[in-house]
Amino acid sequence: MNKMKIKKGDQVIVLTGKDKGRKGEVIKAMPKENKVVVQGINVVKKHQRPSQVSAGGIITKEAPIQVSNVALIDPKTNEATRVGYKVLEDGSKVRVSKKSGEVIK
């Protein structure tokens, strides 16, 4: 199974593509496909048939984006950063920003 360093709820910035430079929160992480869904990013229009649950028509929704095309936002500097891991004194393993060394929640 693939280990992703970006998780649901993280603030990320898009590095490439039509939404380059835009920021958003990760709604869903898909480690098997190595993709994430970011709120307001990579929005596509989908033609949907009417069903018992919802009406038909053209709906807009966020499509998955490759995890290599997004970077985590450093909580201290508010810029893109890579993610590392560090073991604290109490034995817990935490994610750490490579730029500032700040612990990522």
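Please treat every number below as a calculation from the coordinates, not as lab data. This is a predicted model, so every value here is computed, not measured. Note: ideal-geometry Cβ built from the backbone for every residue, glycine included; neighbour counts use all protein chains shown.
In terms of the mean number of neighbouring beta-carbon atoms within 10 Å, the peptides 7-18, 46-57 order highest first as 7-18, 46-57. Here is the list for the stretch 38-105: GluC sites (Glu not before Pro) lying in DSSP coil, each with at most 11 other C-beta atoms within 10 angstrom of its C-beta, are GLU89.
Across the chain, how large is the tail of the calculated P(r) beyond 19 Å, expressed as a percent of all Cα pairs?
Working: 2802 of 5460 pairs.
Everything past 19 Å amounts to 51 percent.
Projecting label points 7 angstrom from Cα along Cα→Cβ for LYS28 and LYS76 puts them 3.5 nm apart.
Once the Cα gyration tensor of the stretch 1-56 is diagonalised, what are the square roots of 5 times its eigenvalues, in whole Å and ordered largest first, as equivalent ellipsoid semi-axes? Intermediate values should be presented prior to the final figure.
Numbers: eigenvalues 128, 53, 21 Å².
Rounded to whole Å, the semi-axes are 25, 16, 10.
May I ask which of LYS20/LYS93; LYS8/LYS93; LYS7/LYS99; LYS23/LYS61 have a Cα-Cα span longer than 25 Å here? Beyond 25 Å between Cα atoms: LYS20/LYS93.
Charge tally for THR16 (other residues, Cβ to Cβ under 15 Å; Lys, Arg +1; Asp, Glu -1): +4. Taking 0.36 nm per residue of separation and subtracting the Cα-Cα distance, full extension of the segment from VAL94 to LYS7 would add 30.1 nm.
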